[in-house]
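*Asks:* Take a look at the following structure, please.
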Amino acid sequence: MEISVLRLGQIGTNCYIFRKEGGYKCGIVDPGDQGEQVARWLVDKGLEAEAVLLTHGHFDHILGIPGLREEWPDLPVYCHPADWGEGDTTDKFGQTFPTVRSFGDITPYKEGDVVEVDGIKIEVLETPGHTPGSVTLRSGDVLFTGDTLFEGSMGRTDFDGGDEEAMMRSLKRLGELEGDYQVLPGHEGRSTLERERQTNYCLRAAMGR
């Protein structure tokens, strides 16, 4: 699997683009808030978007969806239903943003579901805590951890819908996965699960429970 990353927006959201080696069909994890830029990048490289997979529903991970759908109107978007939002808008940081629900034609996924993109299978692991519907996406030796597990830290739990106890359970679950994985978080740098087991205080605390 080939994985590229685009760092988007003022918060520096990691948008991951994955495809099979040498393939032109790709999946997109968390398109940030610059969908037109992502679409141009893909078109310039001769790539075709097959699906958008959201790790959670916060604005800085979802606002690129309309721009991508301008290029690919029927582009499927997957999100856990707990993060679709109650209405069409939500308030955060004194601003109003669209919810996942507002984009329309959203495909729900949950624990154990598998999304396939050009032969690449992506398994959904429910990892609530940052938000009720946060998920980690697993494929081979890769974990797209969204805002659950970061290099050296974890996602915040003080936003609406955050739950520190749920986050500890989610971190414990990730830490107890067998073997090692590449950890590709929603912000900042990548890591490995084994490195985080050894050095990440939050993960170590969760695993010690």
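*Asks:* How much accessible area per residue does the chain have, counting only protein heavy atoms and a probe of 1.4 Å, in square angstrom?
*Replies:* I get 46 Å² per residue for this part.
*Asks:* Enter the accessible area of Tyr24 (Å², nearest 10), with the probe set to 1.4 Å and all protein chains included.
*Replies:* Result for Tyr24: roughly 120 Å² accessible.
*Asks:* Calculate the spin-label point distance for Glu70 paired with Tyr24, positioning each point 7 Å from the Cα along the beta-carbon direction, and give it in nanometres.
*Replies:* The modelled label-to-label distance comes out at 2.3 nm.
*Asks:* Then there's this: In debye, nearest 20, what is the charge dipole magnitude of the chain about its Cα centre with +1 on Lys and Arg Cβ and -1 on Asp and Glu Cβ, if you could check? Please list the in-between numbers first.
*Replies:* Numbers: 21 positive and 37 negative charges, 98 e Å.
Magnitude of the dipole: close to 460 debye.
*Asks:* Mean residue ellipticity at 222 nm from the helices of the chain, using -39,500 (n - 2.57) per DSSP H segment of n ≥ 4 over the full residue count, to the nearest 500 deg cm²/dmol? Could the numbers behind the result be given before it?
*Replies:* Details: 6 runs with 47 residues, N = 209.
The helix contribution divided over the chain gives -6000 deg cm²/dmol.
*Asks:* Given (i) 0.98; (ii) 0.94; (iii) 1.00 as candidate values of Rg/Rh (Cα atoms, Kirkwood Rh), which corresponds to the one derived from the coordinates?
*Replies:* Looking at Rg/Rh (Cα atoms, Kirkwood Rh) for this model, the match is (ii).
*Asks:* Any idea how many Lys pairs in the chain come in under 23 angstrom at the alpha carbon, given 8 or more places apart or on separate chains?
*Replies:* Details: Lys20/Lys45; Lys20/Lys121; Lys25/Lys45; Lys25/Lys121; Lys45/Lys121; Lys110/Lys121; Lys110/Lys172.
Lysine pairs meeting the criterion: 7.
*Asks:* Roll a 1.4 angstrom probe over the protein heavy atoms and tell me the percent of accessible area of segment 132-209 that is carbon or sulfur. Please report the intermediate quantities before stating the final value.
*Replies:* Details: 1610 of 3560 Å².
Result for segment 132-209: 45 percent of the exposed heavy-atom area is carbon or sulfur.
*Asks:* Return the FRET efficiency for the residue pair Asp118, Glu178: r is the Cβ-Cβ distance, R0 is 30 Å, and the value is rounded to the nearest 0.05.
*Replies:* Efficiency for this residue pair is about 0.65.
*Asks:* Within the chain, what percent of beta bridges assigned by DSSP are antiparallel, to the nearest 5?
*Replies:* 70
*Asks:* Hey, if you put +1 on the Cβ of every Lys and Arg and -1 on every Asp and Glu Cβ in segment 89-141, which of Gln95, Val135, Gly119 ends up farthest toward the positive end of that dipole?
*Replies:* Working it through, the farthest residue towards the positive pole turns out to be Gln95.
The values are calculated or read from the model by the stated rules, or taken from the named source; none is laboratory data. All values reported here derive from a predicted model rather than from experimental measurement. FYI the Cβ positions are ideal-geometry reconstructions off the backbone, even for glycines, and counts take in every protein chain you see. When the accessible area is computed, the model is the full protein with side chains, heavy atoms only, and any ligands, DNA or RNA have been set aside. Shrake-Rupley method; radii C 1.70, N 1.55, O 1.52, S 1.80 Å.
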